[in-house]
Amino acid sequence: GIQVEQSPPDLILQEGANSTLRCNFSDSVNNLQWFHQNPWGQLINLFYIPSGTKQNGRLSATTVATERYSLLYISSSQTTDSGVYFCAVWVSETGNQFYFGTGTSLTVIP
Amino acid sequence: KAGVTQTPRYLIKTRGQQVTLSCSPISGHRSVSWYQQTPGQGLQFLFEYFSETQRNKGNFPGRFSGRQFSNSRSEMNVSTLELGDSALYLCASSRQEIYGEQFFGPGTRLTVL
């Protein structure tokens, strides 16, 4: 099956710093989403981005489907950005399935 | 518009029992998917329902089953519970028929003793 790898696995930032999270996938995908999972387990939608670039406040994302990767940029990080960030992709190779990446655990310290 | 709701939020069962979890999608969404999250395996796709039909299924044993009702609400059932079934079970709904943006509920945390 498809491999969805995220890097780095762990990241510690000082408040106000910028960061880039990466999602690599091993096969062609039909769609891609980025999520933030809060400490209570809730997955919060960040971006629905099969290709191109989108921005939402301090966050932006870019997906280059032909090169099989997506990037999530966080600028001027805040302590509330802490949590785990997941990318997830729709794949249709063996029926349609939604595969999650391995996640990046972000800690923002004041 | 109300989000995806899941009940119960927490559940404790013993090995061998069965459990039923419920998910109500966002109004107007007809696709409902279920996921299992464990520390060891991460987030894994269980199955997806659309218009009361299971369309897609992940690699889980037959002890895991589900159904969807005419109002799009969905239930998943796990029979003969094992310790390894302890997990956070997440439900998501989508408006689109295929490859749609997934919106997740808060999850049900199941502990099997």
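The GluC sites (Glu not before Pro) of region B:4-113 that DSSP puts in a loop, and whose beta carbon has at most 12 other beta carbons within 10 Å, are B:Glu82, B:Glu97.
The spacing between region B:21-91 and region A:1-78, judged by their C-alpha centroids, is 25 Å. If I model region B:36-86 as equal point scatterers sitting on the Cα atoms and use the Debye formula, what is log10 I(q)/I(0) at q = 0.17, 0.19 Å⁻¹? So the normalised log intensities work out to -0.56, -0.69.
If you take each beta carbon of peptide B:54-60 and count the beta carbons of other chains within 10 angstrom, what is the mean? Provide the component values of the computation, followed by the final result.
Values: counts 0, 2, 7, 2, 5, 3, 0.
Counting other chains' Cβ atoms within 10 Å and averaging over B:54-60 gives 3.
Straight-line reach from A:Lys54: taking Cα to Cα under 26 Å and skipping same-chain neighbours fewer than 8 places apart, the lysines in range are B:Lys1.
Between B:Phe69 and A:Asn24, the simple label model (points 7 Å from Cα in the Cβ direction) yields a spacing of 4.6 nm.
Just in region A:1-105: which trypsin sites (Lys or Arg not before Pro) are loop by DSSP and have at most 15 other Cβ atoms within 10 Å? Numbers along the way, then the final one.
On the way: sites: A:Arg22, A:Lys54, A:Arg58, A:Arg68; in loops: A:Arg58, A:Arg68.
Of the trypsin sites (Lys or Arg not before Pro), the ones in loops of region A:1-105 whose Cβ has at most 15 other Cβ atoms within 10 Å are A:Arg58.
Of the residues B:Pro61, B:Ser94, B:Pro8, the one whose Cα sits farthest toward the positive end of the charge dipole of chain B, with +1 on the Cβ of Lys and Arg and -1 on the Cβ of Asp and Glu, is B:Pro8.
Translational diffusion coefficient of the protein assembly as shown (Stokes-Einstein, Kirkwood radius from Cα pairs, 10 °C, 1.306 mPa s): 89 µm²/s.
Multiplying the residue separation of B:Tyr10 and B:Thr53 by 0.36 nm and removing their Cα-Cα distance gives an extension gain of 12.8 nm.
Counting only Cα atoms, chain A measures 45, 27, 20 Å along its principal axes, largest extent leading. Between A:Glu67 and A:Glu5, the contour length at 0.36 nm per residue exceeds the alpha carbon distance by 20.9 nm.
Across every direction, the projection of the convex hull enclosing the Cα atoms of region A:1-43 has a mean area of 4.4 nm². Applying a DSSP loop filter and a limit of 14 other Cβ atoms within 10 Å to the chymotrypsin sites (Phe, Trp or Tyr not before Pro) in region A:1-94 leaves A:Trp40.
Any read-out appearing in this document is the output of simple, stated calculations on the displayed coordinates, not a laboratory observation. Because the structure is a prediction, the values reported are computed rather than measured. Glycine gets a Cβ as well: all are built from the backbone with ideal geometry, and neighbour counts include every protein chain shown.
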